[in-house]
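S.K.: One structure follows; several queries about it will come next.
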Amino acid sequence: MELKELYQEIILDHAKNPRNKGRCEGYNHDAKAHNPLCGDKVHIYLKLEKDKNISDLSFEGEGCAISLASASILTDTLKGRDLQISKKITDDFLNMLKNKSKITLNSLSDNQITTISSLSGVQEFPMRIKCATMAWHTLLSALEKKV
Ligand code: ZN
């Protein structure tokens, strides 16, 4: 299978069967965003523990396949992770879309790198980049904003 096809399959899978959808119990941070250009909406919920571990992470949202897949992949990748590492992964992801850099963090498994990289296809479509980055920017806002 070509890499492009694999990426498309991953995105469709996450868009059709989003992981961690809904409000996670006992969340203490949240933020939402709206992309009027595409009609995408996302609301991120997370539970940040005293030891700075993101013990739970979920989202509610509607919109295009890219925006749903991106939010689902975000929760799947960062749930249960340390706050600083999560921020690093987010920076790396945003950099990948902006500067076409590769994801190389050693805190991610090969499988997780492939999953995150599936969204790199939108690099060629400036209108869609916002669809892919919105959930990740919203996560950063949520981390700054206590309930
Ligand atoms: Zn969209």
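The values are calculated or read from the model by the stated rules, or taken from the named source; none is laboratory data. All of these numbers come straight from a predicted model, not from anything done at the bench. Don't worry about glycine lacking a Cβ; one is built from the backbone with ideal geometry, like all the others, and counts go over all protein chains shown. Keep in mind that these areas ignore ligands, DNA and RNA; they rest on the heavy atoms of the full protein, side chains included. Shrake-Rupley method; radii C 1.70, N 1.55, O 1.52, S 1.80 Å.
S.K.: Go through S117, S101, S141, S107 for me and flag whichever is of a type in the set (G, A, S), open to solvent by 20 Å² or more (accessible area, probe 1.4 Å), more than 26 Å from N28 (Cα to Cα) and away from the ligand (no atom under 13 Å from the Cβ).
M.R.: Details: S117 fails: open to solvent by 20 Å² or more (accessible area, probe 1.4 Å); S141 fails: more than 26 Å from N28 (Cα to Cα); S107 fails: more than 26 Å from N28 (Cα to Cα).
It is S101.
S.K.: If you take the residues in region 72-98 that are more than 12 Å from the chain's Cα centre (by Cα) and under 21 Å from S58 (Cα atoms), which one is surrounded by the fewest Cβ atoms within 10 Å (Cβ to Cβ)? Walk me through how you get there before you give the answer.
M.R.: Taking region 72-98 as the starting set, the residues that turn out to be more than 12 Å from the chain's Cα centre (by Cα) are 80-85, 88, 95-98.
Then drop every residue that is not under 21 Å from S58 (Cα atoms), which leaves 80-85, 88.
Working: G80: 11, R81: 19, D82: 14, L83: 16, Q84: 9, I85: 16, K88: 15.
Applying the filter and picking the extreme gives Q84.
S.K.: If you go through region 57-79, how many residues are without any contact (Cβ under 8 Å) to a residue 40 or more places away in the chain and either within 16 Å of the ligand (Cβ to nearest atom) or farther than 23 Å from I113 by Cβ (or both)?
M.R.: The qualifying residues number 2.
S.K.: Now for a separate question. Using the structure shown, decide if G39 is away from the ligand (no atom under 16 Å from the Cβ), open to solvent by less than 40 Å² (accessible area, probe 1.4 Å) and on the phi > 0 side of the Ramachandran plot.
M.R.: In short, no.
S.K.: When only residues in region 120-132 that are more than 16 Å from L74 (Cβ to Cβ) and without any contact (Cβ under 8 Å) to a residue 60 or more places away in the chain count, which is nearest to the ligand (Cβ to nearest atom)?
M.R.: In this case the residue turns out to be F125.
S.K.: Somewhere in region 53-71, is a residue surrounded by fewer than 20 Cβ atoms within 10 Å (Cβ to Cβ) and part of a helix (DSSP H, G or I)?
M.R.: yes
S.K.: Identify, please: which residue in region 8-24 is in a loop (DSSP other than H, G, I, E, B) and out of contact with any strand residue (DSSP E or B) (no Cβ under 7 Å at 6 or more places or on another chain) and is, among those, least open to solvent (accessible area, probe 1.4 Å)? Can you show your working first?
M.R.: Of all residues in region 8-24, those in a loop (DSSP other than H, G, I, E, B) come to 17-20, 22-24.
Right, trim to out of contact with any strand residue (DSSP E or B) (no Cβ under 7 Å at 6 or more places or on another chain) and you get 17-19.
Working: N17: 86, P18: 42, R19: 69 Å².
Among those residues, the one meeting the criterion is P18.
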